[in-house]
Amino acid sequence: MAYIVVVNPSILSTPGTGMAFSGVLTATVLVCFTPIKELRLAREAS
């Protein structure tokens with residue numbers, strides 16, 4: 001699962017997407033370390 005932290009931003013920050021590698025990397029790391037329970041609660045609330 002650790003490779004996703006680098007591979008996901010590499011794919012999402014390709015030219016034409018308008019997303020910076022550092023921003024996508026930050027978002028990926030935050031989501032990877034967010035407990036699943038909190039993600040489920042956030043999804044149910046919206």
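FYI, it's all coordinate maths here, none of it is from the lab. Only a predicted model underlies this, so the values are computations on that prediction, with no experimental measurement involved.
Tabulated results
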item: Gain on full stretching of the segment that runs from LEU41 to SER22 - 0.36 nm per residue minus C-alpha separation; result: 4.1 nm
item: In order through region 20-28: 3J(HN,Hα) via Karplus (6.51 cos²θ - 1.76 cosθ + 1.60), integer Hz, x for Gly, Pro; result: 7, 4, 5, x, 5, 4, 4, 5, 5
item: Taking N as its residue count, the alpha carbon Rg of the chain over 2.2 N^0.38 Å; result: 1.32
